Amino acid sequence: MLTMMTMRSPIGELRLYAEADELVGVDLPGRDALDGVDRKSDVLVRTAEQLAEYFAGERQAFDLPLAPRGTGFQALVWRTLLRIPYGETWSYGQLARAIRRPAASRAVGAANGRNPIPIIMPCHRVIGSNGGLTGYGGGLPIKRWLLDHERGWRQPSLPGARSALRT
């Protein structure tokens, strides 16, 4: 059974999804909600706590049971996202080379765009080969906010973002 809970964050309201004891999704603000039972499970509470620590600048890596749903190729790309260090970025080409598919930059980009657990599996850390920001499921302002936050900017700016974290 799919369970869900919401939490407030500096980038807006996040919806967290779990099945059994594994995290299967994080919806960024403005995304359509999945059908799930609104109930706080242990993994959802731990996810909200760890995300709150991340947004407070107290956490750089997550320790959660992840179960993203996707193809074998997507799963490979998503696992590799976890290797991108906090505060750093890789290009789509670097990510393609990391999975030993150097000609697959576009396929890597497509898989990255379907990441069901953003922030925790840090697809926001992937940028264009020219260093520019490229698409992000939550929108480029949120991607910029997350990257600025990780680079240690004391007060990243995102118009309309809430500053209080509440679960």
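The values are calculated or read from the model by the stated rules, or taken from the named source; none is laboratory data. The shown structure was predicted, so the numbers you read here are calculated from the model rather than taken from an experiment. Don't worry about glycine lacking a Cβ; one is built from the backbone with ideal geometry, like all the others, and counts go over all protein chains shown. Keep in mind that these areas ignore ligands, DNA and RNA; they rest on the heavy atoms of the full protein, side chains included. Shrake-Rupley method; radii C 1.70, N 1.55, O 1.52, S 1.80 Å.
Structure notes:
- One residue alone among ILE117, ILE84 is in contact with a Pro (Cβ under 9 Å, 6 or more places away or on another chain) and within 24 Å of ASP21 (Cβ to Cβ), and that residue is ILE117.
- Restricting attention to the range 22-56, the residues being in contact with a strand residue (DSSP E or B) (Cβ under 6 Å, 6 or more places away or on another chain), buried (at least 17 other Cβ atoms within 10 Å of the Cβ) and part of a loop (DSSP other than H, G, I, E, B) number 2.
- Residues of the range 69-83 classified as of a type outside the set (Val, Ile, Thr) and under 14 Å from GLN94 (Cβ atoms), total: 2
- GLY25 fulfils the conditions (1) of a type outside the set (Phe, Trp, Tyr); (2) within 20 Å of ILE142 (Cα to Cα); (3) modelled with pLDDT under 90 except for a single criterion, (3).
- When ARG144 is tested against (1) touching a residue at least 24 places away in the same chain (Cβ under 8 Å); (2) assigned to a helix (DSSP H, G or I); (3) under 14 Å from the mean Cα position of the chain (by Cα); (4) surrounded by fewer than 18 Cβ atoms within 10 Å (Cβ to Cβ), only condition (1) is not met.
- For the range 57-106, residues that are over 14 Å from the mean Cα position of the chain (by Cα), among the aromatic types (Phe, Trp, Tyr) and either within 30 Å of LEU2 (Cβ to Cβ) or part of a loop (DSSP other than H, G, I, E, B) (or both) total 1.
- Output for the range 109-141, where each listed residue is modelled with pLDDT under 95, of a type in the set (A, V, I, L, M, F, W, C) and either assigned to a loop (DSSP other than H, G, I, E, B) or open to solvent by less than 10 Å² (accessible area, probe 1.4 Å) (or both): LEU133
- Residue tally, condition within 15 Å of GLN74 (Cβ to Cβ), of a type in the set (A, V, I, L, M) and open to solvent by 40 Å² or more (accessible area, probe 1.4 Å), over the range 86-108: 1
- Within the range 122-145, the residues that satisfy the criterion of being more than 16 Å from ASP27 (Cα to Cα) and charged (D, E, K, R) are ARG125, ARG144.
- Close pairs (9 angstrom Cβ cut-off, 6 or more residues apart or separate chains): closer than 14 Å to MET7 by Cβ in the range 34-46, in a helix (DSSP H, G or I) and at pLDDT 95 or above anywhere: LYS40/ALA48
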